[in-house]
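Following: one structure in C-alpha cells, then a few remarks.
The values are calculated or read from the model by the stated rules, or taken from the named source; none is laboratory data. Just so it is clear, the structure is predicted and the values come from calculations on it, not from any experiment. Here Cβ is always computed from backbone atoms with ideal geometry, including for glycine, and neighbour counts include all displayed protein chains.
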Amino acid sequence: MTPRLRGGLAGALTVGLLASGCGVTSAPLVEGESPEAEQEVPADLDLGRSEPVTDPFYPEFGNASIDVLHYGLDLGYEPETLTLTGEATLTVRPVADGDELAVDLAAGMRVSQVTVDGEPADFTQEQYDLTIAAPVVADRRVTVVVEYAGSPETVPAPAERGDMSMGIGASTDPATGALWSFQEPFGALTWYPVNDHPSDEALYDIRLTVPEGFAGVASGSFAGREGNTFHWTSDEPVASYLTTIAVDRYEMTEMTGPDGLPITVWIPPQYAGFAPILDAMPEMIEWLTERYGPYPFDSAGVVLVGGESAMETQEMITFSGDMVNWPGVDDGYIAGVVVHELAHQWFGNAVTPQDWSHLWLNEGAATYVEQMWNVDQGHTTEAEVIEGWIEDDEYLRMAYGPPGEPDPQAFASSNSYVCPALMLYALRAEIGGADAVDALLRAWVEEFDNRSATRDDFVSFVDSHTGEDLTDFLDEWLDSERTPPVEAP
C-alpha cells in the first residue's frame, strides 16, 4: 500500500519518465477472444499449502484451523444494480478435526446455498462470518461450494489514514456502475468467502462476467476472454489482501517487460491521462530486477480505479486514478508510487508477512526502494530523503509506536514505512554500503520466496547473510521509542 503524503517530498519530484524500448499496443477489448486454456483446479495443490496463524492484532479475521489451497471464483457483476453474484469453490485442508468450517464473508453477501463434497450443508451467516456444518478430519481435503449475491460494501478500517476513512474492501460507484477493492489488512470478505489472513496463501482461478462495454479485471495473470467473461489465474500462492476485483469501461494496453514479461494496463476513459506515466512500467521493472532479482511472477499490470489509495495487489496493482487530485501531487510523485507498489511484488507478495505485527517487513523495504529510485532518477537527492526521514522518525514512533510494536488501531501509519526504511539506510554503515543492502534484500527474497515471514526470520537471516551479530542493532531500530543514532549523508 502506498504511504500517505509526507513532508512536501512530492513537490520536489518532477516527471522523469524513460523512453520505452518495448512494444506497446492499445486497443478496445474485442468480444470473442478466447482464454488460452480452460483452467481447472491445479493438480499440484500443495503449492497453496500454508500454516495459518491467529492474528495478534485482528484475531476476529481469519481462521487458523483451516488452510484454503485453492479458490475458484465464478463471479458476475451488474453495474446497473451494483449486484455481485458468485459461486465460490474452495478446496480446503482442515488443520484440525472439527464439526464445522468457518470462513470470512460479509453479511451483505447473502448466501443461498452451500455444499461440502457435493452434499448440501447447513450454514449460519453473521456479520463477517459464514459457519458451515461439516465434520472434517485434519489433512483430509474437502471441497466447499458457496453460492451468494449482494451489493458490495466496505467494512470499517482499524486505521487513522484518510484514505481508509470510508472503509476497506469492495466499493461501488452508483454514478458509473464501477466496482473496485482496496482490502488491507482485511476486506476480501466483502466480495468472496475467504480465510482473510495473510498467513493462508492460496492459488486462484477467477472468472468475472460483466455486461457488454465493461471489462472485468482481477489479480493474477490475464488468461483471456470468452464472450464477456474475463479469466484470471494465479499459479503462485496469493494472500487474500493481495487479491483484487475491478469492473469499469476499461481499455487494455499491452507492454513487454524484462525477459518477455507480459504487462497489461487497464485504463477507463476518465483516467486516460495516466497512460504516459504507466508507459514507463517496463523500465521501472527493469530497474528493480537489476537490483532485487527476477520479477517474481508470470505477469505485471495496473488497473486504475476510484478511491484514494494504491495497493500492491499481486500481478495487478490497484491504483486510484483520482490520485492526481491529491494536494501536492505531480506526475513524478505518482511514478514513485507505481515503483513502490511494484517493489511490493518482491517485498510483501513474494515474501508475505505471517501476521499484521510484521507490516514493517513490507512497507519499510518498499519505501526504501521507492525513494532510492527517486534519487536514481534525479527526482530528489539522497540527503533530502534521509533528512526528511530523520525529521519524521521520532514523531512517528511517539505517535503510532515503533515499527516493531505499532498501534493496531492505527494500521499502516507512516511509522511502518519511514522508520524501517531509515533502518535499512542505517544498516548500510553496518554491512558495507548501499550495494550490500540491495544484495541483502535480493537474497532475502530468494530465500523466502512464496513463504510467510516474521521478524525473527528477518533478524536471523540478516545475521546469517552478513556473518555478523546485528540482532541488537535491529532490535533497537524496531523497538525503540526514540530514533537510534544515524547520520544523514
Note to self: Looking at the range 428-442 only, could you name the residues that are aliphatic (A, V, I, L, M) and closer than 19 Å to L288 by Cβ?
What the structure shows: A434, A436, V437, A439, L440, L441
Notebook entry, point to check: Quick one: S65 ticks every box in (1) farther than 24 Å from A350 by Cα; (2) touching a strand residue (DSSP E or B) at 6+ places or on another chain (Cβ under 7 Å); (3) free of Cβ contacts under 8 Å to residues at least 40 places away in the same chain bar one, so which box is it?
Noted result: (1)
Next item on the list: Kindly list the number of the only condition in (1) of a type outside the set (A, V, I, L, M, F, W, C); (2) crowded, with 23+ Cβ neighbours inside 10 Å; (3) in a strand (DSSP E or B) that fails for Q314.
Entry: (3)
Next item on the list: Check off (1) in contact with a Ser or Thr (Cβ under 8 Å, 6 or more places away or on another chain); (2) in contact (Cβ under 8 Å) with a residue 60 or more places away in the chain for E80 and give me the number that stays unchecked.
Entry: (1)
Note to self: Considering only residues that are free of Cβ contacts under 8 Å to residues at least 60 places away in the same chain and of a type outside the set (D, E, K, R), which ones fall in the range 321-333?
What the structure shows: G321, M323, V324, N325
Next item on the list: Go through G224, G213, G220 for me and flag whichever is touching a Lys or Arg at 6+ places or on another chain (Cβ under 9 Å), of a type outside the set (A, V, I, L, M, F, W, C) and modelled with pLDDT of 95 or more.
Entry: G213
Notebook entry, point to check: Within the range 393-434, can you find the residues that are of a type in the set (S, T, N, Q) and not in a loop (DSSP other than H, G, I, E, B)?
Noted result: Q409, S414, N415, S416
Notebook entry, point to check: Can you tell me which residues in the range 215-238 are buried (at least 23 other Cβ atoms within 10 Å of the Cβ) and either β-branched (V, I, T) or not in a strand (DSSP E or B) (or both)?
Noted result: V217, S219, G220, T233, V238
Checklist line | Failed item in (1) β-branched (V, I, T); (2) assigned to a loop (DSSP other than H, G, I, E, B); (3) in contact with a Lys or Arg (Cβ under 9 Å, 6 or more places away or on another chain), with V437 passing the rest | finding: (2)
Item checked: Count of residues meeting criterion [in contact with a Ser or Thr (Cβ under 7 Å, 6 or more places away or on another chain), among the aliphatic types (A, V, I, L, M) and touching a residue at least 40 places away in the same chain (Cβ under 8 Å)] in the range 247-266 -> 1
Check: Given the structure, is T2 surrounded by 16 or more Cβ atoms within 10 Å (Cβ to Cβ), touching a His at 6+ places or on another chain (Cβ under 6 Å), within 30 Å of M372 (Cβ to Cβ) and modelled with pLDDT of 50 or more?
Finding: yes
